[in-house]
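Visitor: Sharing a structure with you now.
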Amino acid sequence: MHPHPYAFLTLFAVVAVAFPLVMLTVARMWFRFFQPAKPGLDKNAVYECGVAPTGDSWIQFKAHYYLYAILFLIFDVEVLFLLPFAVNFTSLPAGALLAMLAFILLLAEGLVWAWHRGHLEWK
Amino acid sequence: MSAAATTSESFLERAPLLLRDAVTGFLPEPARWLANSLLSIVAVLAVFGLLFAFLTLAERKILGRVQNRPGPNRTGWFGLLQPFADGIKMLTKEDIVPRAADQLLHFLAPVTLLALSILTFAVIPYGRHLVPVELDSAVLYFFAAGAATELAIFMAGWASHNKYALLAAMRALAQLISYELPLLLSFVPVVLATGTLSTTGIVAAQGGWKWHLIPHWIVFTPWGAAGFAIFMVSALAESNRSPFDLPEAESELIAGHLTEYSGFKYALFFMAEYFGMCALSGMAVTLFLGGWQAPLPVLEFIPSYVWFAGKLLTLLLGFIWIRATLPRLRIDQLTRLAWKFLVPLALVNLGTAAFWSLTSAWSGPLQLLRWAVALVLVAGPFLLLGRGLTAGLGPRTYRYA
């Protein structure tokens, strides 16, 4: 019997999710029966080096990181397009190779552009 | 686990399959598939769970030796029971959740992280017949599951409602997506050369020896060696290991996204980190180091899974050794290394691999030319970009020291 590989992957995913859940349940059982939790005002405060926490931490944040995210997105999609090309590489005609070369060079040019604009510098 | 073993193979090679059939052989067909599948999942979890336990001990022992101290030596012989003592300690520690935290996400983050890092183990071929599932797009699946762990790390940082955790999560995300690219780009040449995305196919393509001496492993080609180096550096960064352990830089961010985690949830994060490291090392072995293939024909009598384990442990030892040796990078150095060095190198490496693949028919003096061109294509960009990497950053001078 050869079921679809995804059937196995589904089973694997179920076990993978159950594994941490079972361990957390065991830990919770331990607290329930042997070591009841003792919450406190200071104990359950957010940790800020021992002093009382000031202000909210869910605030607008200077996310310089978003540029990296955009660049990452472009190249991540590029890799996705590269994979089918790479699998069939040896059987591709010359025209397809040139088209792929143009595609890669266009994206590489994007990297060079970002580099020259200084977007890759950490500020 | 699949593929029927032929009887010509040694007993040890077939031992895991025989053991499995002895346990589940009597079952009728649909139940047998379920039992076989569960057995292989439990085997993977047990082996890597134990590896995780003793890896933490080995790491502490080796770090201790490097720093001229004995390391853990009180629990059992040579501290062998230390991982179990740690496990019991984690289990009995109170699980403290901040009042302000997003309770649901705070709980879900470690579960998601560990589940996703376990999922990456599904496609690695651990031996000739020991691959949990054969997928046509196994490599893609592996990196998709691995990349999804980044989400869980941000979940942890955000849900904690802690300033340090949020800062660390932002940083971790910037680091992980930056190094995701060279990681992905460095294995595309392997796919290009082997013409398959299946991990068993990639390992099979690396079988055989040249002149009965040099294995056809991908690391023994110029572009393969470069790709392996890029892959390992990115793998170090992806698994948050020193010298790229910025998300958990204690001196700046307390414990990063782990600050508000205690008890068993912390242990799950710890476990996921080591599982990630093991999975990436296993993938590096599969893609570049010939998987379970023996290095020499005369050594083929040793079972394939022993070779896989040996290569995996060697890489893990390398991880620990690097942790003991190198200091932590700064965040600007970290992103510069990824975007201005590794990504361009990986792109050039793709071209080198394409050249290597197109000229595979060359022989005689042309073969020498092929090697020369490939070596120049690997070493040239490395030297040029490396010079740019350190431009304007001379060695630090101490004026009043």
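Visitor: Would you confirm, using the coordinates I've provided, whether B:Ala267 is closer than 19 Å to B:Leu116 by Cβ and either assigned by TED's automatic domain parsing to the domain that holds B:Phe319 or of a type in the set (A, V, I, L, M) (or both)?
Guide: Numbers: closer than 19 Å to B:Leu116 by Cβ: yes; either assigned by TED's automatic domain parsing to the domain that holds B:Phe319 or of a type in the set (A, V, I, L, M) (or both): yes.
The answer is yes for B:Ala267.
Visitor: Right, something else. Being of a type outside the set (Lys, Arg) and at pLDDT 90 or above is true for just one of B:Gly256, B:Gly291, B:Gly310, B:Gly263. Which residue is that? Reasoning before the result, please.
Guide: Details: B:Gly256 fails: at pLDDT 90 or above; B:Gly291 fails: at pLDDT 90 or above; B:Gly263 fails: at pLDDT 90 or above.
Exactly one of B:Gly256, B:Gly291, B:Gly310, B:Gly263 is of a type outside the set (Lys, Arg) and at pLDDT 90 or above, namely B:Gly310.
Visitor: Still on this model: Among the residues of segment B:136-172, what is the count of those that are touching a Pro at 6+ places or on another chain (Cβ under 9 Å) and farther than 20 Å from B:Pro125 by Cα?
Guide: 12
Visitor: Is it the case, given these coordinates, that B:Ala354 is touching a helix residue (DSSP H, G or I) at 6+ places or on another chain (Cβ under 8 Å), in contact (Cβ under 8 Å) with a residue 24 or more places away in the chain and within 18 Å of B:Gly224 (Cα to Cα)?
Guide: Values: touching a helix residue (DSSP H, G or I) at 6+ places or on another chain (Cβ under 8 Å): yes; in contact (Cβ under 8 Å) with a residue 24 or more places away in the chain: yes; within 18 Å of B:Gly224 (Cα to Cα): yes.
Against the criterion (touching a helix residue (DSSP H, G or I) at 6+ places or on another chain (Cβ under 8 Å), in contact (Cβ under 8 Å) with a residue 24 or more places away in the chain and within 18 Å of B:Gly224 (Cα to Cα)), B:Ala354 qualifies.
Visitor: Scan B:Leu385, B:Leu296 and give me the residue that is among the aliphatic types (A, V, I, L, M) and in the same structural domain as B:Ile202 (by TED's automatic domain parsing). Outline the logic, then answer.
Guide: Values: B:Leu385 fails: in the same structural domain as B:Ile202 (by TED's automatic domain parsing).
Only one candidate qualifies: B:Leu296.
Visitor: Okay, next question. Being over 28 Å from the mean Cα position of the chain (by Cα), of a type in the set (D, E, K, R) and within 14 Å of chain A (Cβ to nearest Cβ): is that true of B:Glu9 here? Lay out the reasoning, then the answer.
Guide: Values: over 28 Å from the mean Cα position of the chain (by Cα): yes; of a type in the set (D, E, K, R): yes; within 14 Å of chain A (Cβ to nearest Cβ): no.
Here the answer is no, as B:Glu9 does not meet what is asked.
Visitor: Can you pull out every residue in segment A:46-79 that is more than 8 Å from chain B (Cβ to nearest Cβ) and either touching a Ser or Thr at 6+ places or on another chain (Cβ under 8 Å) or among the aliphatic types (A, V, I, L, M) (or both)?
Guide: If the condition is that a residue be more than 8 Å from chain B (Cβ to nearest Cβ) and either touching a Ser or Thr at 6+ places or on another chain (Cβ under 8 Å) or among the aliphatic types (A, V, I, L, M) (or both), then A:Val51, A:Ala52, A:Ile59, A:Leu67, A:Ile70, A:Leu73, A:Ile74, A:Val77 are the ones that fit.
Visitor: Suppose we filter segment B:328-381 for residues that are within 22 Å of B:Leu181 (Cβ to Cβ) and either touching a Gly at 6+ places or on another chain (Cβ under 8 Å) or of a type in the set (Lys, Arg) (or both); how many remain?
Guide: So the count comes out to 9.
Visitor: Moving on. Which is facing chain A (nearest Cβ under 7 Å), at negative phi and not aromatic (Phe, Trp, Tyr), of B:Leu130, B:Leu166? Reasoning before the result, please.
Guide: Numbers: B:Leu130 fails: facing chain A (nearest Cβ under 7 Å).
Exactly one of B:Leu130, B:Leu166 is facing chain A (nearest Cβ under 7 Å), at negative phi and not aromatic (Phe, Trp, Tyr), namely B:Leu166.
Visitor: Restrict the check to segment B:67-84 and report whether at least one residue is without any contact (Cβ under 8 Å) to a residue 40 or more places away in the chain, charged (D, E, K, R) and either not in a loop (DSSP other than H, G, I, E, B) or not assigned by TED's automatic domain parsing to the domain that holds B:Leu326 (or both).
Guide: Going residue by residue through segment B:67-84, those that are without any contact (Cβ under 8 Å) to a residue 40 or more places away in the chain are B:68-84.
Narrowing the set further to residues that are charged (D, E, K, R) leaves B:69, B:74.
Narrowing the set further to residues that are either not in a loop (DSSP other than H, G, I, E, B) or not assigned by TED's automatic domain parsing to the domain that holds B:Leu326 (or both) leaves B:69, B:74.
Yes, the conditions are met somewhere in segment B:67-84.
Visitor: Answer with yes or no whether B:Pro125 is of a type outside the set (Lys, Arg), over 30 Å from B:Ile202 (Cβ atoms) and surrounded by 21 or more Cβ atoms within 10 Å (Cβ to Cβ).
Guide: Numbers: of a type outside the set (Lys, Arg): yes; over 30 Å from B:Ile202 (Cβ atoms): no; surrounded by 21 or more Cβ atoms within 10 Å (Cβ to Cβ): yes.
The answer is no for B:Pro125.
Visitor: I've got another one for you. Scan (1) at the interface with another protein chain (Cβ under 9 Å from one of its Cβ atoms); (2) not in a helix (DSSP H, G or I) for the single condition A:Gly118 breaks and write down its number.
Guide: Of everything listed in (1) at the interface with another protein chain (Cβ under 9 Å from one of its Cβ atoms); (2) not in a helix (DSSP H, G or I), A:Gly118 misses just condition (1).
Visitor: Select from segment B:240-257 the residues that are under 24 Å from the mean Cα position of the chain (by Cα) and within 11 Å of chain A (Cβ to nearest Cβ) and list them in ascending order.
Guide: Within segment B:240-257, the subset under 24 Å from the mean Cα position of the chain (by Cα) is B:240-250, B:255-257.
Listed by number, the list holds a single entry, B:Ala255.
Visitor: Any idea which of B:Leu268, B:Leu258, B:Leu287 is out of contact with any Cys (no Cβ under 6 Å at 6 or more places or on another chain), over 17 Å from B:Glu150 (Cα atoms) and crowded, with 23+ Cβ neighbours inside 10 Å?
Guide: Values: B:Leu268 fails: over 17 Å from B:Glu150 (Cα atoms); B:Leu258 fails: over 17 Å from B:Glu150 (Cα atoms).
One residue alone meets the criteria, B:Leu287.
Visitor: Considering (1) farther than 22 Å from B:Gly224 by Cβ; (2) of a type outside the set (Val, Ile, Thr); (3) away from chain A (no Cβ under 14 Å), say which one B:Leu329 fails and leave the rest.
Guide: (3)
Visitor: Among the residues of segment B:90-104, are any of a type in the set (Ser, Thr, Tyr) and in a helix (DSSP H, G or I)? Break it down stepwise before answering.
Guide: Start the filter on segment B:90-104 by keeping residues that are of a type in the set (Ser, Thr, Tyr), which leaves B:92.
Narrowing the set further to residues that are in a helix (DSSP H, G or I) leaves B:92.
Checking segment B:90-104: at least one residue is of a type in the set (Ser, Thr, Tyr) and in a helix (DSSP H, G or I).
Visitor: Please tell me if A:Lys43 is without any contact (Cβ under 8 Å) to a residue 24 or more places away in the chain, at the interface with another protein chain (Cβ under 7 Å from one of its Cβ atoms) and of a type outside the set (Phe, Trp, Tyr). Break it down into steps so the answer makes sense when it comes.
Guide: On the way: without any contact (Cβ under 8 Å) to a residue 24 or more places away in the chain: yes; at the interface with another protein chain (Cβ under 7 Å from one of its Cβ atoms): yes; of a type outside the set (Phe, Trp, Tyr): yes.
Yes, satisfied.
Visitor: So is B:Pro222 within 27 Å of B:Val376 (Cβ to Cβ), within 11 Å of another protein chain (Cβ to nearest Cβ), touching a Ser or Thr at 6+ places or on another chain (Cβ under 9 Å) and not acidic (Asp, Glu) or not? Explain how you work it out, then say what you get.
Guide: Numbers: within 27 Å of B:Val376 (Cβ to Cβ): yes; within 11 Å of another protein chain (Cβ to nearest Cβ): no; touching a Ser or Thr at 6+ places or on another chain (Cβ under 9 Å): yes; not acidic (Asp, Glu): yes.
Judged against the criteria, B:Pro222 is not a match.
Visitor: Next question, about the same structure. Quick check on segment A:3-25: of everything there that is within 15 Å of B:Leu38 (Cα to Cα) and more than 7 Å from chain B (Cβ to nearest Cβ), which residue is farthest from the chain's Cα centre (by Cα)? Lay out the reasoning, then the answer.
Guide: So the first thing to find is which residues in segment A:3-25 are within 15 Å of B:Leu38 (Cα to Cα), and the list is A:3, A:5-19.
Okay, now just the ones that are also more than 7 Å from chain B (Cβ to nearest Cβ), so A:6-7, A:10, A:14, A:18.
Working: A:Tyr6: 22, A:Ala7: 25, A:Thr10: 21, A:Val14: 21, A:Ala18: 21 Å.
So the residue we want is A:Ala7.
Visitor: Looking at B:Ala144, is it of a type in the set (Gly, Ala, Ser), within 30 Å of B:Gly290 (Cα to Cα) and without any contact (Cβ under 8 Å) to a residue 12 or more places away in the chain?
Guide: Numbers: of a type in the set (Gly, Ala, Ser): yes; within 30 Å of B:Gly290 (Cα to Cα): yes; without any contact (Cβ under 8 Å) to a residue 12 or more places away in the chain: yes.
It is true that B:Ala144 is of a type in the set (Gly, Ala, Ser), within 30 Å of B:Gly290 (Cα to Cα) and without any contact (Cβ under 8 Å) to a residue 12 or more places away in the chain.
Visitor: Among what's in segment B:98-111 and is of a type in the set (A, V, I, L, M) and more than 7 Å from chain A (Cβ to nearest Cβ), pick the residue that is farthest from A:Val14 (Cα to Cα). Spell out how you get there, then give the answer.
Guide: The initial filter retains those residues of segment B:98-111 that are of a type in the set (A, V, I, L, M), namely B:100-101, B:104-105, B:108-109, B:111.
If we keep only those that are more than 7 Å from chain A (Cβ to nearest Cβ) as well, we get B:101, B:104-105, B:108-109.
Details: B:Ala101: 27, B:Leu104: 20, B:Leu105: 19, B:Leu108: 15, B:Ala109: 17 Å.
This residue is B:Ala101.
The values are calculated or read from the model by the stated rules, or taken from the named source; none is laboratory data. Note that the coordinates shown come from a computational prediction; the quantities given were computed from them, not determined experimentally. In this analysis, Cβ positions are derived from the backbone assuming ideal geometry, glycine residues included, and neighbour counts consider all displayed protein chains.
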